[in-house]
Amino acid sequence: MTALSRGFGFAIDVVTSGAWALAAFFIGARLFGFSAGLLLSLAVFITSMTYVVISRAQEQRAQQLAAGRCPRCHNAITMEHVHRRWDPAATSWLLPATLWRCRDCGFEHSEALGCERCPAA
């Protein structure tokens, strides 16, 4: 994804958050008064922009991990995977585990992410 398309996508997110904030202002001003409408619209805008920024950061991290790059230092990372397995003591399937590790900067990230060879639960 190019910087231009990322910037355009972020601009659309800002406009969309502004539209939601404007709608919240009209509803809040109509029901509770002008000042309450302003506060409600500010709360909606801040909340929606926080959601946008956090989700974009998580998406970028996931793309870098999928590409085999460290999100911190951009060097190559190693991936370790443990398949889903049966636990006789608990009589249930244990979750699969995938760990990404960077030897250069110490970054580690793990998820309960299965692969196509993991047995079905």
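Computed over protein heavy atoms with a 1.4 Å probe, the carbon and sulfur contribution to the accessible area of the chain reaches 64%. The calculated FRET efficiency for Arg103 paired with Thr16, based on their beta-carbon distance and R0 = 41 Å, is about 0.50. Relative to the Cα centre, the charge distribution of the stretch 70-121, modelled as +1 at Lys and Arg Cβ and -1 at Asp and Glu Cβ, gives a dipole magnitude of about 60 debye.
Against the chain, whose longest principal axis is taken from its Cα atoms, helix 34-66 shows a tilt of about 20°.
Take the Cα of Arg85, step 7 Å toward its Cβ, do the same at Ile46, and the gap between the two points is 4.8 nm. With protein chains left intact and a 1.4 Å probe, residues in the stretch 28-121 average 72 Å² of accessible area per residue. Dividing the helix sum by the residues of the chain, where each DSSP H run of 4 or more adds -39500 (n - 2.57), gives a mean residue ellipticity at 222 nm of -19000 deg cm²/dmol.
The stretch 79-108 and the stretch 32-59 have Cα centres spaced 37 Å apart.
The angle separating the long axis of helix 3-32 from the principal Cα axis of greatest extent in the chain is about 50 degrees.
Dividing the convex hull volume of the alpha carbon atoms of the chain by its residue count, what do you get in Å³ per residue?
So the per-residue Cα hull volume is 190 Å³.
Taking trypsin sites (Lys or Arg not before Pro) as exposed when DSSP calls them loop (any state but H, G, I, E, B) and at most 16 other Cβ atoms lie within 10 Å, what is the longest stretch of the chain free of them, the sites themselves excluded?
Looking at the chain, 1-71 is the longest stretch - no exposed trypsin sites (Lys or Arg not before Pro) with at most 16 other Cβ atoms within 10 Å.
Dipole size of the chain about its Cα centre, with +1 on Lys/Arg Cβ and -1 on Asp/Glu Cβ: approximately 120 debye, rounded to the nearest 20. Model label points for Phe8 and Val53, set 7 angstrom from Cα along the Cα-to-Cβ axis, are 2.5 nm apart. Name the residue from Ser55, Ala67, His109 whose Cα lies farthest towards the positive end of the charge dipole of the chain, charges +1 on Cβ of Lys and Arg and -1 on Cβ of Asp and Glu. With unit charges placed on the Cβ atoms, the residue in question is Ala67.
Scanning the chain for cysteines with no neighbouring cysteine C-beta under 4.7 angstrom from their C-beta gives Cys115, Cys118.
Estimated at 0.36 nm per residue, the fully extended path between Leu31 and Ala112 surpasses their Cα-Cα distance by 24.6 nm. Below 12 angstrom from the Cβ of Cys73, what's the summed charge of the other residues (Lys, Arg +1; Asp, Glu -1)? That works out to +2.
The values are calculated or read from the model by the stated rules, or taken from the named source; none is laboratory data. Note that the structure is predicted; figures quoted are calculated from it, not measured. Note that each Cβ is placed from the backbone with ideal geometry, even for glycine, and that neighbours are counted across all protein chains shown. The accessibility values were calculated without ligands, DNA or RNA, using every heavy atom of the protein model including side chains. Shrake-Rupley method; radii C 1.70, N 1.55, O 1.52, S 1.80 Å.
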